[in-house]
Structure formats: C-alpha cells, structure tokens
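Everything below concerns the one structure shown next.
The values are calculated or read from the model by the stated rules, or taken from the named source; none is laboratory data. No experiment lies behind these values; they were computed from the predicted model shown. A quick note on method: Cβ atoms are made from the backbone with ideal geometry, for glycine too, and the neighbour counts reach across all protein chains shown. Surface areas here come from the heavy atoms of the whole protein model, side chains and all, with no ligands, DNA or RNA. Shrake-Rupley method; radii C 1.70, N 1.55, O 1.52, S 1.80 Å.
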Amino acid sequence: MLAIESQLAASGGAEISDGFIPLIDMKQLQGSHRSEIVQQIGHACQHYSFFLVKNHGISETNMNNILGTTREFFKLPEPEKMKFCTNDPNKSIKLFMGFKDEIQNLFISREALRFSTYPFEDYVNEWPANPPSLRKDVMEYCTSVKRMELALLEAISESLGLEKDYLAKILCNHGQKISMNYYPVCQEQDLGFTRGVRPHTDPTIITILLQDNVPGFKVLNNGKWVDVAHIPNTFVIHVGDLLQVISNYRYKSLHHQVYVNCEKQRISVASYCYPSPDTSIGAAKELIDDEHPAIYRDFTYAAFYEEMWRAVVQHATDKRLDTFKSSVA
Ligand SMILES: O=C(O)CCC(=O)C(=O)O
Ligand SMILES: [Fe+2]
C-alpha cells in the first residue's frame with residue numbers, strides 16, 4: 001500500500017471492495033500537518049474522485065436541522081409543493097418529481113427541490129415559507145457550507161500545485177445551489193425497475209453532499225459500483241465536471257447514483273458549487289505542458305449550462321463535456 005493510502009486508511013475511512021473510502025480530517029488543515037492533508041485530498045481526488053470529510057466545522061444541530069427541514073418539506077400536501085414545479089430552466093427554484101423513463105423502462109423516484117442560495121438577499125423571498133423553519137435552516141446551513149467550501153477549494157487548489165485562491169477566484173463567491181432530495185419508500189414489486197437517481201456526474205466544481213443514515217448512494221470506483229456507507233457527521237465531497245476541466249483531466253468527475261429500498265425513505269442535501277455564467281472555464285495554464293496538452297478548450301459557464309440542458313433533452317448527460325474537447329484531445 002502506498003504511504004499516502006496508509007495515512008488515509010488510518011484516518012478511519014470505511015472499507016470498500018477494492019480499497020476504502022478516503023476520510024479527510026479537515027481540522028488538520030489548520031495545523032502543522034496541512035501539507036500532508038492537502039496531499040491526501042489530491043490523492044483522493046485523483047484516484048477516487050471523492051472523499052469524506054470530518055471535523056468540517058458544521059455542527060451536528062445544523063446538519064440535523066437541514067435534514068429535518070427537508071423531511072418536513074416533502075411531507076407537505078401535494079398542492080403546497082407543486083407551487084414550485086416549473087418547466088422554465090431559468091427559474092431559480094424548481095421542484096423535480098419522480099418520472100418514468102420510457103426508454104430504459106425505469107421509474108426514477110427522486111423528488112428534489114433545487115434552488116439558488118447565494119447571495120441570500122437575492123433569493124430568500126422565493127424559498128418556501130413552509131415548513132416555517134426552512135428559510136432559517138437553509139440560511140444557517142448554507143453559511144457554514146460556504147465556509148467549508150472555501151477551505152476545500154483552497155486545499156484542492158494547493159493539491160494541484162496552484163495558488164491557494166485559484167479555484168475561489170474562478171468561483172468568485174458566486175453560485176451556490178442546493179438540492180433537497182427525497183427518495184420515497186419503494187413497493188417491493190416495483191424495486192426492480194425503480195431507481196432514486198441514475199448514474200451521472202455533477203456539473204459543478206465540487207459538490208458537498210449530506211446524506212442521512214439510509215443506504216443507497218453508490219459511486220463508481222475502479223469500474224465497480226460501491227456503496228458509500230454513511231459515517232455519522234461526515235460529508236461526501238465529489239469532484240465535479242468543471243474541476244475535471246480545470247485540473248486538465250487529472251481529477252475526473254465522480255460517477256454516482258442512488259438506489260432505493262422498501263423499508264425507509266432517504267433524504268440528502270447536495271450543495272453545488274459553480275461559477276457565474278460569464279466565467280471562463282479551462283485547464284489551469286500551470287497544468288498544461290507538452291506532455292499534458294489541454295484536453296478541453298476554454299468555454300464560459302453559460303455555454304456549458306446550455307450544453308447541459310441540451311444533453312438532458314438528448315439523454316446524453318455523460319457526453320456534455322465532449323463538445324468542449326480541444327482538437328489535440
Ligand atoms: O442523494 C444523493 O445521495 C445524491 C444526489 C445527487 O447525486 C445530486 O443531487 O446530484
Ligand atoms: Fe449528483
């Protein structure tokens with residue numbers, strides 16, 4: 001085992017079939033072990049496309065509150081939730097319901113409320129007023145997630161040998177969206193053709209995922225789907241598509257999906273970190289050389305966003321970055 005793998009294993013990550021789930025102790029980013037932890041983060045991004053974090057500075061109360069609020073929202077009567085259903089991709093808040101995929105003959109059961117959260121003042125009045133705790137819980141949660149996000153972006157930038165603020169500058173404190181996800185209990189006879197979410201990557205720089213203790217989240221690791229067991233008080237950090245581009249394909253975006261079960265509903269909250277529409281995305285110049293030509297040409301986040309919707313319509317979300325490949329790739 002590589003020395004860095006033993007360090008990661010020693011930090012308490014859970015075993016998975018061909019290795020373990022990398023677990024990073026964020027508290028140590030503040031101490032004399034920072035460079036080791038940065039290296040562990042780089043290793044996890046490069047070889048696993050995700051890692052878990054502990055000692056991240058978000059209180060257990062804060063985590064329980066946002067999960068509780070999410071649970072309460074999805075318990076609301078149908079008409080109350082349906083107010084947020086829309087086909088307009090430019091709406092800053094949108095409710096997604098379960099749907100049948102006729103081509104794959106699968107029922108995708110996830111319900112999700114997805115909305116912009118930053119800056120709060122611009123959006124808070126659009127958030128659901130029910131349950132009454134929602135606005136306060138979301139605000140508190142997103143404030144602490146933003147802090148964690150910044151610490152992670154700094155460490156990830158350093159792990160690539162870039163200036164500490166490289167990714168934060170691209171993000172420019174701009175976009176933040178959360179998705180409150182609800183996976184209903186599945187009837188036994190429907191289990192074979194029901195999924196929570198199908199395999200996909202996230203259109204983000206990174207995604208910060210909080211899951212409750214119900215299993216179902218799976219990631220692709222060494223060509224195999226493995227379960228990411230719930231470890232209390234941790235978050236799952238995913239490499240997203242934009243980090244794949246910026247890192248010039250050193251870090252690959254995480255393929256993940258969600259299965260459902262017949263006993264318990266599942267709740268998760270994903271926080272998406274992405275830049276403003278006019279931001280130019282491309283491989284960091286420091287990561288391009290004769291041996292590593294730029295895999296993608298530069299593009300704006302707006303162009304990527306448009307491509308993302310086109311890919312959804314064409315059922316080709318796994319190909320959405322292909323349009324941006326450079327001629328040398
Ligand atoms: O519910 C989960 O654990 C994952 C959700 C997800 O993949 C997403 O919101 O992009
Ligand atoms: Fe996702």
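The residues in region 194-214 that are open to solvent by 40 Å² or more (accessible area, probe 1.4 Å) and at pLDDT 95 or above can be counted, and the count is 2. The criterion of being open to solvent by 60 Å² or more (accessible area, probe 1.4 Å) and in contact (Cβ under 8 Å) with a residue 24 or more places away in the chain does not hold for Ile156. Taking the numbered list (1) within 16 Å of ligand 2 (Cβ to nearest atom); (2) under 29 Å from Arg34 (Cα atoms); (3) free of Cβ contacts under 8 Å to residues at least 60 places away in the same chain in turn, Trp225 passes all entries but (2). Entry remark, region 181-201: residues being touching a helix residue (DSSP H, G or I) at 6+ places or on another chain (Cβ under 9 Å), under 24 Å from Ile66 (Cβ atoms) and either in a strand (DSSP E or B) or small (Gly, Ala, Ser) (or both) number 3 in total. Picking from residues in region 254-290 that are charged (D, E, K, R) and either within 16 Å of ligand 2 (Cβ to nearest atom) or within 25 Å of Lys319 (Cβ to Cβ) (or both), the one that is surrounded by the most Cβ atoms within 10 Å (Cβ to Cβ) is Arg266. A single member of Thr69, Thr61 is free of Cβ contacts under 8 Å to residues at least 40 places away in the same chain and either under 30 Å from Ala155 (Cα atoms) or not in a loop (DSSP other than H, G, I, E, B) (or both), and it is Thr61.
Cβ-Cβ distances below 8 Å connect the following pairs, each with a first residue in region 269-287 that is in contact (Cβ under 8 Å) with a residue 60 or more places away in the chain, a second residue that is part of a strand (DSSP E or B) and open to solvent by 20 Å² or more (accessible area, probe 1.4 Å), and a separation of six or more residues or different chains: Ser271/Lys177; Tyr272/Lys177; Tyr274/Lys177; Thr279/Thr300; Ile281/Thr300. For the criterion of being over 22 Å from Phe235 (Cβ atoms) and either open to solvent by less than 50 Å² (accessible area, probe 1.4 Å) or not acidic (Asp, Glu) (or both), Asn181 fails. If you filter region 231-250 down to residues that are within 16 Å of ligand 2 (Cβ to nearest atom) and in a helix (DSSP H, G or I), you find that the one that is surrounded by the most Cβ atoms within 10 Å (Cβ to Cβ) is Leu243. If you go through region 198-226 and pick out every residue that is within 11 Å of ligand 1 (Cβ to nearest atom) and not hydroxyl-bearing (Ser, Thr, Tyr), you end up with 16.
Go through the residues of region 68-82 one by one and say whether even a single one is within 16 Å of Asn213 (Cα to Cα) and under 19 Å from the mean Cα position of the chain (by Cα). Yes. Among the residues of region 306-318, is there at least one that is open to solvent by less than 70 Å² (accessible area, probe 1.4 Å) and either more than 30 Å from Lys100 (Cβ to Cβ) or modelled with pLDDT of 95 or more (or both)? No, region 306-318 contains no residue that is open to solvent by less than 70 Å² (accessible area, probe 1.4 Å) and either more than 30 Å from Lys100 (Cβ to Cβ) or modelled with pLDDT of 95 or more (or both). In region 193-214, the residues that are away from ligand 2 (no atom under 11 Å from the Cβ) reach residues that are basic (Lys, Arg) with C-beta atoms within less than 7 angstrom, at least six apart or across chains, in these pairs: Asp212/Arg266; Val214/Lys264; Val214/Arg266.
Restricting Asn125, Asn90, Asn105 to those that are at positive phi and either surrounded by 17 or more Cβ atoms within 10 Å (Cβ to Cβ) or more than 16 Å from ligand 1 (Cβ to nearest atom) (or both) reduces the list to Asn105.
Has region 31-38 got at least one residue that is at pLDDT 95 or above, open to solvent by less than 20 Å² (accessible area, probe 1.4 Å) and touching a Leu at 6+ places or on another chain (Cβ under 6 Å)? So far as region 31-38 goes, yes, one or more of its residues are at pLDDT 95 or above, open to solvent by less than 20 Å² (accessible area, probe 1.4 Å) and touching a Leu at 6+ places or on another chain (Cβ under 6 Å).
Just to check your reading of the model, which residue among Tyr272, Tyr296, Tyr259 is touching a helix residue (DSSP H, G or I) at 6+ places or on another chain (Cβ under 8 Å) and among the aromatic types (Phe, Trp, Tyr)? Just one listed residue meets the conditions, Tyr296.
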